[in-house]
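Read-outs: derived from the displayed coordinates by stated rules, not from any lab. No experiment lies behind these values; they were computed from the predicted model shown. All Cβ positions, even for glycine, are placed from backbone atoms using ideal geometry, and neighbour counts span all protein chains on display.
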Amino acid sequence: MRIWEGVSEFVAVAETHSFTAASKQLGTSVAHISRQVSALETRLKIKLFHRSTRKVVLSESGEVYYQQCRRVLDNLADAEKLVSNFHDTPKGNVRLTAPITYGEEVIMPIVNDFLLAYPEINVRVDLSNQRADLLYEGYDFAIRLGHLADSNLIARKLSARKLIVCATSDYLALHGKPTNLDDLNHHNCLVGTADSWRFMHNNKSEKILISGRLRCNSGHSLVKAALKNIGLIQLPDYYVQPYIETGELISVLDNYQMTEEGIWALYPDKHYLPNKIKVLLDFIQQHLKDK
């Protein structure tokens, strides 16, 4: 007995609600579809459909059987794709979204290297600080920073970032080096998009209200202001680490530094992740690790 016999035909009828439509979908005759479904009902000893001249509807038993068959067919299709990927060169189109600054500074240089390594994959990157609806807008995955809201998306951790408070040595020589969070009240704190900075204090996350003579929603602009000895900044490491390594900026309040926040790839829950997406995610993760 062939356990698969009639299953594909049954699923096609269940999804199209028509023997005629199922025959067109599978490229066979209506008579063949009807014979296969009838034989399946005989073998299972159940009625799979309620038939009328106007429509075909699953019976209660048919609905239960359909859900199981659909899952099995999906898994079989995924298995075939996975096996074929062992031999196929990754190719096709990938679309992703990422935050503007992080995308410009970190993700795009990696994507450029990826394009050189995988000439048969095309990548579209949309840089935006708006949270896109991945399914509705057709994205394969999104890069997200920090805390993730609950969702039905799969989250894969790619790397981590940390927030650093820093200033120039000239500024610190003139105004003093802060050694505790209360000292921030006596400093010109350059304000970004939020009125508070985040720290760890007594093993708890704490927000400290800050103020200063400059407010700007551009991290790069705040870095330039700090380099001119105007004040303190708190920004993610990818903004300031190069200047810290050269000594142009000095890190302070390290004992209060927030624990690292995740850098994530989010993508829809799928039984099978296409190889073109997988190789790009692996490539990004490896390059972030090497930084």
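A simple rule links phi to the HN-Hα coupling: the Karplus curve 6.51 cos²θ - 1.76 cosθ + 1.60 with θ = phi - 60°, which for segment 122-132 gives 9, 10, 10, 10, 10, 8, 7, 8, 7, 7, 7 Hz, with x for Gly and Pro. Put a plus charge on the Cβ of each Lys and Arg, a minus charge on the Cβ of each Asp and Glu, and nothing anywhere else: the dipole of segment 7-72 about its Cα centre is then about 100 debye. When the inverse distances between all different Cα atoms of the chain are averaged and flipped, the Kirkwood radius reads 23.7 angstrom.
Highest GNM mean-square fluctuation among LYS162, LYS55, LYS276, for the chain modelled with Cα contacts below 10 Å: LYS55. Loop-resident trypsin sites (Lys or Arg not before Pro) (DSSP state other than H, G, I, E or B) in segment 1-43 with no more than 11 further Cβ atoms inside 10 Å of their Cβ: ARG2.
Could you work out the longest stretch of the chain that avoids the GluC sites (Glu not before Pro) located in DSSP loops with at most 16 other Cβ atoms within 10 Å?
On the way: sites that count: GLU5, GLU120, GLU248, GLU260.
Answer from the scan: 121-247.
If the elastic network links every pair of Cα atoms under 10 Å, which of SER61, SER221, SER169 fluctuates the most in the Gaussian network model of the chain? Most flexible of the set in this elastic network: SER61.
Given the convex hull over the Cα atoms of segment 194-291, what projected area results after averaging over all orientations, in nm²? Provide the component values of the computation, followed by the final result.
Values: hull surface 36.6 nm².
The directionally averaged projection comes out at 9.2 nm².
What residue among ALA155, PRO268, TYR238 has its Cα farthest toward the positive end of the dipole of segment 136-291, where the charges are +1 on Lys, Arg and -1 on Asp, Glu, each on the Cβ? Result: PRO268, furthest along the dipole toward the positive end.
For segment 152-220, the C-alpha radius of gyration divided by 2.2 N^0.38 Å, with N the number of residues, is 1.37.
Can you say what percent of the DSSP beta bridges in the chain, counting only those with both residues inside, are antiparallel? Round to 5.
Values: 27 of 38 bridges.
Taking every DSSP beta bridge within the chain, about 70 percent pair in antiparallel fashion.
Summary value for the chain: 21 percent relative contact order, contacts being C-alpha pairs under 8 angstrom separated by 6+ residues.
In the elastic network of the chain, a GNM with C-alpha springs shorter than 10 Å, the most mobile of ILE263, ILE244, ILE33 is ILE33. Take every DSSP beta bridge whose two residues both sit in segment 178-267; close to 75 percent of them are antiparallel. Stokes-Einstein diffusion for segment 112-236, with the hydrodynamic radius set to the Kirkwood value over Cα pairs and evaluated at 10 °C in a medium of 1.306 mPa s, equals 89 µm²/s. The calculated pair-distance distribution of segment 1-110 uses every alpha carbon pair, bins of 10 angstrom beginning at 0, and gives 12, 33, 21, 14, 12, 8, 1 percent. Would you kindly state the longest site-free stretch of the chain, with sites defined as chymotrypsin sites (Phe, Trp or Tyr not before Pro) in a DSSP loop (not H, G, I, E, B) surrounded by at most 12 other Cβ atoms within 10 Å? Here the longest run is 87-291. Pairs over the 24 Å Cα-Cα cut-off, from the set LYS24/LYS55; LYS24/LYS45; LYS204/LYS289; LYS162/LYS276; LYS162/LYS207; LYS157/LYS278: LYS24/LYS45; LYS204/LYS289; LYS162/LYS276.
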